[in-house]
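Notes for the one structure printed next.
The values are calculated or read from the model by the stated rules, or taken from the named source; none is laboratory data. Quick caveat: nothing in here was measured; it's all calculated off a predicted structure. Cβ placement follows ideal geometry from the backbone for every residue including glycine, while neighbour counts extend to all protein chains displayed.
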Amino acid sequence: MQKSLHIDPGKCTGCLQCEMACSYEHTGAFNPSRSLIKVFDFHHEGRKVPYTCTQCAEAWCLNACPVEAIKVDASTGAKVILDAVCVGCKVCTIACPFGTVNYSHETGKVQKCDLCGGDPACAEACPTDAITYIDSDWTGLERMRKWAQKTDSAARV
Amino acid sequence: MAWTRKILRVNLTQGSCVSEALNMEWAAQYLGQRGLASRYLVSEIDPKVDPLSPENKIIYATGPLTGTMASTGGRYSVVTKGPLTGVIACSNSGGFFGAELKFAGWDMIIVEGKAPTPVYLHIENERAELLPADDLWGTTVWSTEATLKKRHQDPLLRVSSIGRAGENQVLFAAIVNDLHRAAGRSGVGAVMGSKNLKAIAVRGTRGVGNIADAKAFMAAATAGKKVLAENAVTGQGLPTYGTQVLMNVINEMGALPTRNHRDVEFEGARKISAEAMHEKRASDGRAHLVTNQACFGCTIACGRISRIDETHFSVETKPEYWGANGGLEYEAAWALGSANGVDDLEALQFANLLCNEDGMDPISFGATVGAVMELYDLGILSKEEIGLEAPFGSAEALCRLAEMTARGEGFGKILGQGSKRVCAKYGKPELSMTVKGQEFPAYDGRALQGMGLAYATSNRGACHLRGYMVSSEVFGIPVKTDPRETAGKPEMLKAFQDATAVVDSSGLCVFTTFAWTMNDIQPQIQAACEGEWSQESLLQMGERIWNLERDFNLAAGITGKDDTLPPRLLNEPCKTGGSKGMVAEIGKMLPEYYSLRGWTPDGVPTAATRSRLGL
């Protein structure tokens with residue numbers, strides 16, 4: 001089964017466990033500044049929103065890369081940066097409509113979510129299930145189920 | 001390791017920022033944050049120093065677990081000599097600032113001297129510099145944070161600052177980070193103000209990577225999170241209702257101090273409770289509470305995000321307050337509400353917003369308003385003197401006094417001196433509901449005997465966070481004790497105080513202890529920090545910290561006679577409810593407490609005790 005990260009902002013408390021887990025997985029340190037998932041706090045709306053790469057099927061970043069440093073991980077569908085190939089030209093950061101590929105001046109390469117090879121640390125660390133890793137063909141299933149439950153009002157009587 | 005092993009020493013008089021190695025011998029004895037910063041403070045300042053003079057120092061300290069994946073591992077403490085109390089001040093804050101300081105590579109910042117003109121400290125990893133803050137002086141915490149993010153073109157900057165209350169040296173001024181998390185108590189904000197230090201802005205990209213045994217740490221942290229999630233208080237009660245879950249519970253016990261402790265039950269408690277925050281308002285059909293929010297790394301998420309009623313008199317012409325914002329915690333709701341007899345939830349939220357915006361401790365502010373209202377009720381303070389009518393229950397007076405105090409206007413300047421000084425000034429010192437100059441929090445020391453002793457003996461003046469006996473006397477954690485009973489309370493309190501000192505020195509939040517015991521905490525510290533950290537050594541460290549603070553306070557001039565409660569709590573029995581007829585029986589408990597502590601009958605640690613603890 002192909003899986004996707006699925007984000008439900010309504011459940012996010014803004015604790016940043018995901019950012020720490022991501023940075024720990026990729027750098028060995030707890031370091032939100034190196035996290036590939038970011039939580040945004042829309043303070044005066046009372047909303048927190050985790051955001052990261054959605055792994056586009058037709059990936060702008062991959063198509064824009066002049067040196068073919070972005071490859072598809074066949075097992076997960078993740079678009080993965082090949083550090084050995086990346087020249088740090090940043091064209092992919094321009095191409096990505098969502099801003100989820102970013103340059104790191106420490107490594108001289110770009111970085112983006114790679115789904116941790118199929119076991120995303122952010123989803124594992126999230127205490128409220130605001131981030132889950134689920135069947136990519138059915139990310140709407142839970143929401144459908146909730147609405148389905150409301151639909152047949154006769155059954156609840 | 002978990003420590004960065006680096007201290008930033010900032011001398012405001014000289015304008016210097018210097019990196020120093022952390023004293024690892026002390027780290028092994030005091031761990032971090034509260035304990036370690038206290039060790040530095042007592043070795044560097046004269047206990048008799050005027051807290052608001054350049055000779056006082058102020059320390060911002062993280063713990064070894066700050067900035068790690070341990071749940072709640074984002075705390076920092078501000079340690080200094082407190083102007084409200086004249087004893088050691090140690091105020092603990094969550095939010096995101098503490099972790100950011102650690103990510104920048106610093107265990108703590110020691111600030112000394114006084115800047116000739118207003119400055120702020122800007123830290124970007126190892127680079128630290130003092131920059132002019134003349135344009136920030138006179139502005140609020142909220143405005144300061146926004147300005148600095150813009151100035152440094154850095155939306156990820158974390159800021160800890162004072163508002164106008166700290167600048168004006170309101171004696172209960174707070175230091176506020178991340179808009180509404182505060183090192184709230186004992187007037188630490190006034191110390192910052194006295195030094196012309198407006199703010200500390202930090203950006204850290206180094207991270208915390210030096211965990212002693214990373215694999216063991218991740219296992220211990222994960223196990224700890226599971227315990228928090230499965231516990232009814234930390235897994236359900238606190239996320240859903242916040243600390244406000246207490247309002248109705250404490251009121252129903254007859255333990256909710258009301259109208260400057262004249263009463264112990266508040267008829268309006270339900271209207272200012274967690275439950276009320278969840279209900280839809282008649283005015284706009286929306287609930288006061290928007291959502292809960294976590295501090296850094298916290299899997300409990302007890303924080304409140306509220307939206308004030310736009311039609312309320314306090315904000316109807318002030319749209320800048322209409323958005324979602326930091327909401328009422330239990331202590332604030334009590335102090336701004338019950339302590340003054342005010343049952344208007346929206347008025348409480350407005351006063352709470354002002355406390356965050358201009359950096360004031362809502363507990364001491366609210367409790368001082370309670371004292372002012374009693375003086376008004378007795379005819380000692382007049383409408384002319386205050387500038388407005390201030391009867392118990394007046395939401396208008398509460399809101400106006402909050403503005404006046406935060407901005408240093410008129411009677412606000414007097415109110416900003418705190419309850420002890422206000423009551424003394426008007427010839428009624430006995431009406432000040434304080435211990436060592438600091439106002440009580442939200443539990444009546446008559447109704448909960450153990451809490452009464454906790455207040456009397458707290459090293460930072462009246463405080464619920466130095467030994468939270470409510471946990472046992474109300475919730476039965478770790479065991480249920482009868483709140484009316486004095487027997488056994490000294491021993492339990494000592495254990496609570498010592499264990500709390502450990503938590504406060506680690507980088508973790510004390511709220512974890514609703515679910516966690518040392519069995520959960522010790523493995524996380526042990527895995528993160530090099531060296532041997534057994535439960536026994538940790539608890540002895542807690543005791544060492546307690547005695548270190550006590551020694552400082554004694555040298556600062558307090559005596560065992562200060563370990564007491566106001567006459568009202570000792571002599572005027574609770575009038576109603578489950579606590580009817582009770583007074584605080586400190587005399588029954590204090591000698592035993594001193595003895596258990598290894599102190600003389602006058603409350604002084606003996607030479608044997610000092611030697612046993614390595615002091």
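Brief remarks on what is shown
- Filtering B:146, B:70 for residues that are within 14 Å of chain A (Cβ to nearest Cβ), out of contact with any Phe, Trp or Tyr (no Cβ under 6 Å at 6 or more places or on another chain), modelled with pLDDT of 95 or more and part of a helix (DSSP H, G or I) leaves a single hit, B:146.
- Residues that are among the β-branched types (Val, Ile, Thr) and within 14 Å of chain A (Cβ to nearest Cβ) were ranked within the stretch B:47-67; the one that is farthest from residue A:24 (Cα to Cα) is B:62.
- Considering residues of the stretch A:48-70 that are closer than 19 Å to residue A:32 by Cβ and surrounded by 15 or more Cβ atoms within 10 Å (Cβ to Cβ) only, the residue farthest from the other protein chains (Cβ to nearest Cβ): A:53
- Residue check, residue B:340 under 24 Å from the mean Cα position of the chain (by Cα), without any contact (Cβ under 8 Å) to a residue 40 or more places away in the chain and more than 14 Å from chain A (Cβ to nearest Cβ): no
- Residue within the stretch B:183-200 that is at pLDDT 95 or above, closer than 27 Å to residue B:6 by Cβ and within 14 Å of another protein chain (Cβ to nearest Cβ) present: no
- Take the conditions (1) outside any helix (DSSP H, G or I); (2) surrounded by fewer than 24 Cβ atoms within 10 Å (Cβ to Cβ); (3) touching a Leu at 6+ places or on another chain (Cβ under 7 Å); residue B:83 misses just one of them, which is (2).
- Tally of residues being in contact with a Gly (Cβ under 9 Å, 6 or more places away or on another chain) and farther than 22 Å from residue B:77 by Cα across the stretch B:172-226: 2
- In this entry, residue B:324 is excluded by the filter for residues that are closer than 24 Å to residue B:94 by Cβ, without any contact (Cβ under 8 Å) to a residue 12 or more places away in the chain and touching a strand residue (DSSP E or B) at 6+ places or on another chain (Cβ under 8 Å).
- Test: residue in the stretch B:507-527 that is touching a Leu at 6+ places or on another chain (Cβ under 8 Å), closer than 21 Å to residue B:212 by Cβ and among the hydroxyl-bearing types (Ser, Thr, Tyr): yes
- One residue alone among A:6, A:26 is outside any loop (DSSP other than H, G, I, E, B), buried (at least 17 other Cβ atoms within 10 Å of the Cβ) and more than 14 Å from every other protein chain (Cβ to nearest Cβ), and that residue is A:6.
- Within the stretch A:12-20, the presence of at least one residue that is among the hydrophobic types (A, V, I, L, M, F, W, C) and part of a helix (DSSP H, G or I) is confirmed.
- Residue match in the stretch B:248-269 (condition: under 22 Å from the mean Cα position of the chain (by Cα), of a type in the set (Ser, Thr, Tyr), farther than 22 Å from residue B:354 by Cβ and modelled with pLDDT of 95 or more): yes
- Test: residue in the stretch B:310-328 that is surrounded by 24 or more Cβ atoms within 10 Å (Cβ to Cβ), away from chain A (no Cβ under 14 Å) and part of a loop (DSSP other than H, G, I, E, B): yes
- Single residue of the stretch B:1-21 satisfying the filter (hydrophobic (A, V, I, L, M, F, W, C) and part of a loop (DSSP other than H, G, I, E, B)) that is nearest to residue B:110 (Cα to Cα): B:12
- Elements of type helices (runs of 4 or more DSSP H) in the stretch B:382-434, at least 2 residues being out of contact with any Asp or Glu (no Cβ under 7 Å at 6 or more places or on another chain) and crowded, with 23+ Cβ neighbours inside 10 Å: B:395-407, B:419-425
- Looking only at the stretch B:183-218, and only at residues there that are in a strand (DSSP E or B) and of a type outside the set (Val, Ile, Thr), the one that is farthest from residue B:438 (Cα to Cα): B:203
Here is a yes/no grid of residues against (1) part of a helix (DSSP H, G or I); (2) in contact (Cβ under 8 Å) with a residue 40 or more places away in the chain; (3) buried (at least 22 other Cβ atoms within 10 Å of the Cβ):
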site: B:250; (1), (2), (3): yes, yes, yes
site: B:256; (1), (2), (3): no, yes, yes
site: B:261; (1), (2), (3): no, yes, yes
site: B:265; (1), (2), (3): no, yes, yes
site: B:270; (1), (2), (3): yes, no, no
site: B:275; (1), (2), (3): yes, no, no
site: B:284; (1), (2), (3): no, no, no
site: B:290; (1), (2), (3): no, no, no
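- Restricting attention to the stretch A:29-45, the residues that are touching a Gly at 6+ places or on another chain (Cβ under 6 Å) and at the interface with another protein chain (Cβ under 9 Å from one of its Cβ atoms) add up to 5.
- Meets criteria (crowded, with 24+ Cβ neighbours inside 10 Å and not assigned by TED's automatic domain parsing to the domain that holds residue B:430) for residue B:504: yes
Condition check ((1) in a strand (DSSP E or B); (2) under 17 Å from the mean Cα position of the chain (by Cα); (3) modelled with pLDDT of 95 or more) across all residues:
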{"position": "A:86", "(1), (2), (3)": "no, no, yes"}
{"position": "A:98", "(1), (2), (3)": "no, yes, yes"}
{"position": "A:103", "(1), (2), (3)": "yes, yes, yes"}
{"position": "A:106", "(1), (2), (3)": "no, no, no"}
{"position": "A:116", "(1), (2), (3)": "no, yes, yes"}
{"position": "A:128", "(1), (2), (3)": "no, yes, yes"}
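- Looking at B:210, B:168, just one residue is in contact (Cβ under 8 Å) with a residue 40 or more places away in the chain, within 14 Å of another protein chain (Cβ to nearest Cβ) and not hydrophobic (A, V, I, L, M, F, W, C), and that residue is B:210.
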